[in-house]
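Visitor: Can you read through this structure? Questions will come right after.
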Amino acid sequence: MTHDHDLVLRPTDAQTTAALNPPAGRNGGDLVVETLAGLGATTVFGLPGQHALGMFDALRRSDLRYVGLRVENNAGFAADAYGRVTGEAAPLLLSTGPGALTSLAALQEAAAASAPVLAISSQVPTAGLGGGRHGYLHELPDQAASFRGVVKSVHTVRTQSQIPSGIAAAWKSALTAPHGPVWVEIPQDVLLAPTALPGVTALDATPEELVPRPELTALAAHLLSRAERPAVIAGGGVVRADAAGKLLALAERLDAPVVTTFGGKGAFPWTHPLSLQSWLEDRHTTGFLEDADVLLVVGSGLGELSSNYHTFAPRGRVVQIEADLGKLESNHPALGIHADARLALQALLETVEERTDPTAPERVRDVLARVAARIGAQELTLEQEVLASVRRALPAGAPSFWDMTILAYWAWSAFDAHAPNLMHSAQGAGGLGYGFPAALGAAAADPTRPVLAVSGDGGALYSVAELATARQYGLDVTWLIVDDGGYGILREYMTDAFGQATATELTRPDYVALAESFGVPGVRTTPDTLEKDLAAALAAPGPSVVVLPAVLRMFAPTHLG
């Protein structure tokens, strides 16, 4: 009798010949790039460093495209965006110690947003491992410990024969739901040593499917089918799982209104009669969701930004579908279904009974009208016109990447993303500097469409060095910088809380002149000319900068009572 575990792939004659006669001049770094190519990678991001030179030398013997950024954190943001746009694990090559640690904030954002990033770092030579304080350059007692609380998994490689399997295991981890960043580290001497190992082929790193338990989806379908006032909160997990079509079909079958979280922008059509859009920072929306007798939460942990700063208190039954096990019932009791959003929604579609509620569109219109009336009473015409100008200037199908800035906070609630996976921001971890380098990563992933980055002047100062990257690679990114002379949202928070702001005002450069010094065209615009200037910049090939001097204000919060 033959058992499945007895079956092995037998090498072909050509593979045997290649194994017996590996190319000369290869080192451990070649095993890294060969493994990446074998897994399907085509583009890598990073920054060279002394201990990592074996990997970077191997790139010249590889067909992998290298996009080098000027700061490791920005390289991490670029890889994050590449992973979000393509759904592939984006390789990020880093050096030991300071280089590796500088990427931490970007990897935290990737973890919070479930972006697949495959970070591969060098380490000090093998003799210096173990925390023995040998005094090697960049030495840390335990480098991997700095990443264990940030990334999804850590993979330690200590010999050349471990490289292919270690990287393949990390790749599989990054792409198994929930997606996320992973960490691989390889000592300098292992990367530099010549290798006689055959070229890497026949890798299998197929991600595992996270399938829902059928008894749970059966109960969820029963609850939804018999609900009087069902509603849906759709989070970033719907976008990452490419499940927007299934969400739409389920909502229409149930006549259930849908609101998308800020990470789930585009998961549901903005103008659909059942769309509550993304107005989660509003008590009218919060109250509507609290009144649902069955609330389906898909791909969201109902964290701070998705729960109107934890003021949301559902009164009905909650059904939560979430791929991240730690987020199940982490904020509210629920029927928790640990599963990929796409597979769970498909299971519900196969078992839920159709229900009709002719009042649902009317109730949705009423909520949106109340939201509009609240915003309209606050004299925020400038902010709404600026956001509308950005939407009109941005071509259909063009992605946008938003830094932590007031215009982005408006966009979370009020911007029509048009489709899933087109609007991205740093709202997962909330760090500054995301917008521009992330947009560069998206442009590297798909050079056929322009990409928009939006920053405030505070966030822009984090990533101005990447104007050199944009120019070097001719990346088609238009960078809108809203210059209000400081950290605008912190200025507003502090003024509201303390009566005045401290440490929020900034001396900043002439951004147009700065862009032009890098060989990147720049233009200074006004709210009246923004749409025209931004559209022209997006239509022109290559990088460009549009600077809007303006002080924008936030709409009043509703979570403070």
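The values are calculated or read from the model by the stated rules, or taken from the named source; none is laboratory data. As the structure is a prediction and not an experimental result, all values here were calculated from the model. Note that each Cβ is placed from the backbone with ideal geometry, even for glycine, and that neighbours are counted across all protein chains shown. Just so you know, the surface numbers come from the protein's heavy atoms only, side chains and all, with ligands and any DNA or RNA stripped out. Shrake-Rupley method; radii C 1.70, N 1.55, O 1.52, S 1.80 Å.
Visitor: Hey, any hits in region 316-334 for a residue that's out of contact with any Pro (no Cβ under 7 Å at 6 or more places or on another chain), under 14 Å from ALA231 (Cα atoms) and open to solvent by 20 Å² or more (accessible area, probe 1.4 Å)?
Guide: Checked region 316-334: at least one residue is out of contact with any Pro (no Cβ under 7 Å at 6 or more places or on another chain), under 14 Å from ALA231 (Cα atoms) and open to solvent by 20 Å² or more (accessible area, probe 1.4 Å).
Visitor: With respect to PRO437, determine if the residue is open to solvent by 20 Å² or more (accessible area, probe 1.4 Å) and out of contact with any Pro (no Cβ under 9 Å at 6 or more places or on another chain). Lay out the reasoning, then the answer.
Guide: Working: open to solvent by 20 Å² or more (accessible area, probe 1.4 Å): no; out of contact with any Pro (no Cβ under 9 Å at 6 or more places or on another chain): yes.
No; evaluated as a whole, the condition is false for this residue.
Visitor: Does any residue of region 209-224 turn out to be of a type in the set (D, E, K, R) and under 20 Å from PHE415 (Cβ atoms)? Let's see the steps before the verdict.
Guide: Residues of region 209-224 that are of a type in the set (D, E, K, R), as a first pass: 209, 213, 215.
Next cut, under 20 Å from PHE415 (Cβ atoms) only: none.
Within region 209-224, not a single residue is of a type in the set (D, E, K, R) and under 20 Å from PHE415 (Cβ atoms).
Visitor: Another one. Given the conditions (1) open to solvent by less than 30 Å² (accessible area, probe 1.4 Å); (2) β-branched (Val, Ile, Thr); (3) closer than 17 Å to LEU248 by Cβ, and given that THR356 satisfies all but one, which numbered condition is not satisfied?
Guide: Condition (1) is where THR356 drops out.
Visitor: What is the one condition in (1) within 22 Å of ALA112 (Cβ to Cβ); (2) open to solvent by less than 10 Å² (accessible area, probe 1.4 Å); (3) at pLDDT below 95 that HIS310 does not satisfy?
Guide: So the condition that HIS310 fails would be (2).
Visitor: So, one more: Mind listing just one residue for me: the one in region 384-424 that is acidic (Asp, Glu) and assigned to a loop (DSSP other than H, G, I, E, B) and, of those, least open to solvent (accessible area, probe 1.4 Å)?
Guide: Just the residues of region 384-424 that are acidic (Asp, Glu), to begin with: 385, 403, 416.
Within this subset, residues satisfying the condition of being assigned to a loop (DSSP other than H, G, I, E, B) are 403, 416.
Details: ASP403: 0, ASP416: 37 Å².
So, considering only residues that are acidic (Asp, Glu) and assigned to a loop (DSSP other than H, G, I, E, B), the one least open to solvent (accessible area, probe 1.4 Å) is ASP403.
Visitor: Something else now. Which condition from (1) over 23 Å from MET423 (Cα atoms); (2) surrounded by fewer than 21 Cβ atoms within 10 Å (Cβ to Cβ) is the one that ALA550 breaks?
Guide: So ALA550 meets the others, but not (1).
Visitor: Report yes if some residue within region 284-294 is among the aliphatic types (A, V, I, L, M), within 26 Å of PRO557 (Cβ to Cβ) and in contact with a Lys or Arg (Cβ under 8 Å, 6 or more places away or on another chain); otherwise report no.
Guide: Yes, because at least one residue in region 284-294 is among the aliphatic types (A, V, I, L, M), within 26 Å of PRO557 (Cβ to Cβ) and in contact with a Lys or Arg (Cβ under 8 Å, 6 or more places away or on another chain).
Visitor: Return the residues of region 116-129 that are of a type in the set (Gly, Ala, Ser), closer than 18 Å to ALA100 by Cα and either out of contact with any Phe, Trp or Tyr (no Cβ under 8 Å at 6 or more places or on another chain) or at pLDDT below 85 (or both); say none if nothing qualifies.
Guide: SER122, GLY128
Visitor: Of the residues in region 139-185, how many are buried (at least 22 other Cβ atoms within 10 Å of the Cβ), in a strand (DSSP E or B) and not hydrophobic (A, V, I, L, M, F, W, C)?
Guide: Going through region 139-185 one residue at a time, the tally reaches 3.
Visitor: I'd like the full set of residues that are in a loop (DSSP other than H, G, I, E, B), open to solvent by 10 Å² or more (accessible area, probe 1.4 Å) and within 14 Å of ILE321 (Cβ to Cβ), limited to region 221-254.
Guide: ALA241
Visitor: So which of LEU514, LEU480, LEU467, LEU506 ends up being open to solvent by 40 Å² or more (accessible area, probe 1.4 Å) and of a type outside the set (Lys, Arg)? Give the steps one after another, and end with the answer.
Guide: Details: LEU480 fails: open to solvent by 40 Å² or more (accessible area, probe 1.4 Å); LEU467 fails: open to solvent by 40 Å² or more (accessible area, probe 1.4 Å); LEU506 fails: open to solvent by 40 Å² or more (accessible area, probe 1.4 Å).
Testing whether each residue is open to solvent by 40 Å² or more (accessible area, probe 1.4 Å) and of a type outside the set (Lys, Arg) leaves just LEU514.
Visitor: Another question, then. Within region 442-464, work out how many residues are crowded, with 24+ Cβ neighbours inside 10 Å, without any contact (Cβ under 8 Å) to a residue 60 or more places away in the chain and among the hydrophobic types (A, V, I, L, M, F, W, C).
Guide: Adding up the residues that qualify gives 4.
Visitor: Considering only region 145-177, how many residues are farther than 23 Å from GLU109 by Cβ, of a type in the set (Val, Ile, Thr) and touching a helix residue (DSSP H, G or I) at 6+ places or on another chain (Cβ under 6 Å)?
Guide: Residues flagged as farther than 23 Å from GLU109 by Cβ, of a type in the set (Val, Ile, Thr) and touching a helix residue (DSSP H, G or I) at 6+ places or on another chain (Cβ under 6 Å) within region 145-177 amount to 2.
Visitor: Looking only at strands (runs of 3 or more DSSP E) that lie completely in region 61-138, which have at least 2 residues being among the polar types (S, T, N, Q)?
Guide: Details: elements: 65-68, 90-94, 117-123.
The qualifying strands (runs of 3 or more DSSP E) are 117-123.
Visitor: Considering every residue within region 456-468, establish whether at least one is among the polar types (S, T, N, Q) and at pLDDT below 95.
Guide: no
Visitor: Take ARG374 and tell me if it is of a type in the set (Lys, Arg) and either open to solvent by less than 30 Å² (accessible area, probe 1.4 Å) or over 26 Å from GLU252 (Cβ atoms) (or both). So that I can check it myself, show each step before the final result.
Guide: Numbers: of a type in the set (Lys, Arg): yes; either open to solvent by less than 30 Å² (accessible area, probe 1.4 Å) or over 26 Å from GLU252 (Cβ atoms) (or both): yes.
Yes.
Visitor: What's the number of the only condition in (1) of a type outside the set (A, V, I, L, M, F, W, C); (2) part of a helix (DSSP H, G or I); (3) over 20 Å from VAL67 (Cα atoms) that TYR462 fails to meet?
Guide: For TYR462, the exception is condition (3).
Visitor: Just a yes or no: is a residue in region 193-206 of a type in the set (Gly, Ala, Ser), assigned to a loop (DSSP other than H, G, I, E, B) and modelled with pLDDT of 95 or more?
Guide: Checking region 193-206: at least one residue is of a type in the set (Gly, Ala, Ser), assigned to a loop (DSSP other than H, G, I, E, B) and modelled with pLDDT of 95 or more.
Visitor: Let me ask something additional. Taking region 491-503 as the search range and keeping residues that are open to solvent by 50 Å² or more (accessible area, probe 1.4 Å) and either within 16 Å of VAL546 (Cβ to Cβ) or small (Gly, Ala, Ser) (or both), which one is nearest to the chain's Cα centre (by Cα)?
Guide: My answer is ALA503.
Visitor: Taking region 284-293 as the search range and keeping residues that are surrounded by fewer than 24 Cβ atoms within 10 Å (Cβ to Cβ) and touching a residue at least 60 places away in the same chain (Cβ under 8 Å), which one is nearest to LEU224 (Cα to Cα)? Full working, then the answer.
Guide: Just the residues of region 284-293 that are surrounded by fewer than 24 Cβ atoms within 10 Å (Cβ to Cβ), to begin with: 284, 286-288, 290-293.
Keeping just the survivors that are touching a residue at least 60 places away in the same chain (Cβ under 8 Å) gives 284, 286, 288, 291-293.
Details: HIS284: 23, THR286: 20, PHE288: 17, ASP291: 15, ALA292: 11, ASP293: 9 Å.
If we take residues in region 284-293 being surrounded by fewer than 24 Cβ atoms within 10 Å (Cβ to Cβ) and touching a residue at least 60 places away in the same chain (Cβ under 8 Å), then ASP293 is nearest to LEU224 (Cα to Cα).
Visitor: Further question on the same structure: If we scan region 141-148, do we find a residue that is modelled with pLDDT of 95 or more, closer than 22 Å to ALA81 by Cα and in contact with a strand residue (DSSP E or B) (Cβ under 8 Å, 6 or more places away or on another chain)?
Guide: Yes, some residue in region 141-148 is modelled with pLDDT of 95 or more, closer than 22 Å to ALA81 by Cα and in contact with a strand residue (DSSP E or B) (Cβ under 8 Å, 6 or more places away or on another chain).
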